[in-house]
1. Filter region A:17-27 down to residues that are away from every other protein chain (no Cβ under 14 Å) and open to solvent by 40 Å² or more (accessible area, probe 1.4 Å) and give me whichever is farthest from the chain's Cα centre (by Cα).
2. When the residues of region A:97-126 are filtered to those that are within 22 Å of A:V169 (Cα to Cα) and either in contact with an Asp or Glu (Cβ under 6 Å, 6 or more places away or on another chain) or open to solvent by 10 Å² or more (accessible area, probe 1.4 Å) (or both), which remaining residue is farthest from the other protein chains (Cβ to nearest Cβ)?
3. Among the candidates A:F107, A:F128, which residue alone is among the aromatic types (F, W, Y) and under 27 Å from A:G36 (Cα atoms)?
4. Residues that are more than 10 Å from every other protein chain (Cβ to nearest Cβ) and open to solvent by less than 10 Å² (accessible area, probe 1.4 Å): which strands (runs of 3 or more DSSP E) entirely in region B:173-240 hold 3 or more of them?
5. What pairs come out if I take residues in region A:102-124 that are within 20 Å of A:Q142 (Cα to Cα) and pair them with residues that are among the charged types (D, E, K, R) whose C-beta lies under 7 Å away, six or more apart or interchain?
6. Filter region B:12-56 for residues that are farther than 19 Å from B:A241 by Cα, among the acidic types (D, E) and part of a strand (DSSP E or B) and give the result.
7. In region A:5-59, which strands (runs of 3 or more DSSP E) lie fully inside it and hold 1 or more residues that are over 21 Å from A:A149 (Cβ atoms) and out of contact with any helix residue (DSSP H, G or I) (no Cβ under 6 Å at 6 or more places or on another chain)?
8. From the set of residues in region A:244-290 that are of a type in the set (A, V, I, L, M, F, W, C) and within 14 Å of chain B (Cβ to nearest Cβ), which is nearest to the chain's Cα centre (by Cα)?
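The values are calculated or read from the model by the stated rules, or taken from the named source; none is laboratory data. Being a predicted model, the structure only gives us computed values, none of them experimental. Glycine gets a Cβ as well: all are built from the backbone with ideal geometry, and neighbour counts include every protein chain shown. Note: accessible area is taken over every heavy atom of the protein model, side chains too, but ligands, DNA and RNA are not part of it. Shrake-Rupley method; radii C 1.70, N 1.55, O 1.52, S 1.80 Å.
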Amino acid sequence: MIADKIVHVSNLNKSYKAVQVLSDISFEVKEGEIFGFIGPDGAGKTSLFRIINTLLLPDSGRVSVFGLDTKKDYKSIRQRIGYMPGRFSLYPDLSVEENLSFFASIFGSTIAKNYHLIKDIYSHIEPFKKRKAGALSGGMKQKLALSCALIHKPDLLVLDEPTTGVDAVSRTEFWEMLKNLKNQGITIIVSTPYMDEASLCERIALISQGKILDINTPEAIIAKSESKLFSITAEDKYSLLKLLRNYSDCKTAFLFGENVHFSCRSENADKDKISEYLRLKAVENFEINIISPNIEDVFMELMTR
Amino acid sequence: MISDKKVIKVENLTKRFGSFIAVNDISFEVGEGEIFGFLGANGAGKTTAIKMLTGLLLPSSGEATVAGFDAFRQSEKIKKNIGYMSQRFSLYEDLTIAENIRLYGGIYGLSNKHIKEQTNILLTKMKLIDYKNSLIASLPLGWRQKLAFAVAMFHDPKIVFLDEPTGGVDPITRRQFWDMIYEAVSEGKTIFVTTHYMDEAEYCDRVSIMVDGKIAAIDTPSKLKQQFNVKSINDVFVRLARPNMALNQ
């Protein structure tokens, strides 16, 4: 069946004993998009992904994938999903090539048949195809896991924190690979604790403590932010941060790289007043600018609301 | 304040595994009271270097002193005088907060009386005293990481090694964690930290960037940005770790 909405979740709840890990989750993923769940560890991302993958049942709510019910039709759904779990879950004592052909054969396929899909990714590790998977470096394991998730030509790829613990440069390269896969028509659901990766998704859900804080395109989520935000720099960032926290009108003051992002409670806050305060406190050579927030600013704003 | 006294001194430090050189002739110093960021791509040799500096791995050649002790001959003394915390493993989930502290305190040879007193002081300060007998497994990740940092300093070490302490932590807790780092430094501790968050590199007094077993750059964040004529440490990182990619941009 052809569905415009690849994933449809409404009013989903899930608890482990007394702990509610997902509360009233609703969202849709459209065909061909990269949809990101952005949130810290413990937000419920993995539980949600297991439910989408038919590996876990929700306590209540409706979940359909490709228009099929995840409980009744789990077998047909599994044929069409590629899943890369957060933890390395391949066979460490099989070689790179053996792992890949094992995953292909489970789905009644072969490496040769879908080689074109994984070529860009697999070619990086193919020189090591006789090596045991357990002996690969972190980056190579990640590429093998993605190849294994792709080898049966899934319509939907579910990636649980593929870039956690990966250095900043390799993360950029990984997202390039995802863009290529999307261009080949694969729908991608991905989770990440890195807020800066939000801008690489077409639509995102911000998730914290089992609840979705907001869902939209990254641009629209940022545009909704109500805070007037200042970015302030000075030689001694930490002293600046402490001074700003003590400012009578301070709402939030957070370090952001070399700057402090600062917002006020009153609506008529302006640069002059803040500058006056900083001069009074003998801060030298500071610079103050009004900026538009980024996803991390908005996430913190929603978390504390 | 960073003093002139050096608490880590590394000269021509090298580690070979067979024909593979994981750490290749690195030299640097860390001053007392400094926040030193130790950056590098996956597989650049950071973990091997940290293992040598924390007394867990014998170097192949070169020199290293940590907290005044020699990495070749006094690794046990190094272990006693440093704190260590990593993202991958911090506290025992099936023990309570108090039990974890008692275990760590005991390992470092602190008296029961001291452990009891300090546990109460610490947990009161962290506003966790009501959770003293809660299992670690029941605490949110952010709390655990902050607690793990405090436990790593429980025996009052001079230097604390933090290996990706904020991985996966929410953005507010991540910043609270850095507040704790700054507080520890104001009390005279030296912090040696690794991170994949490039904004956190800016919070360090100095950073080094490792590429293929060597230290490719080392300086204050602002001087590094000047030197490479880029806007962020992330750009410095890209230039060094993937020279080809940077050229294409």
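1. Going through the qualifying residues, I end up with A:D24.
2. That would be A:K119.
3. A:F107
4. B:190-194, B:206-211
5. Correct list of pairs: A:N114/A:K153; A:L117/A:K153; A:I121/A:K143; A:H124/A:K143.
6. B:E29
7. Strands (runs of 3 or more DSSP E) meeting the threshold: A:5-16, A:19-30.
8. Pass one, region A:244-290, residues of a type in the set (A, V, I, L, M, F, W, C): A:244, A:250, A:253-256, A:260, A:262, A:264, A:269, A:274, A:278, A:280, A:282-283, A:286, A:288, A:290.
Checking the rest, the ones that are also within 14 Å of chain B (Cβ to nearest Cβ) come to A:244, A:253-256, A:260, A:262.
Working: A:L244: 31, A:A253: 25, A:F254: 22, A:L255: 22, A:F256: 20, A:V260: 25, A:F262: 26 Å.
Out of the qualifying residues, it is A:F256.
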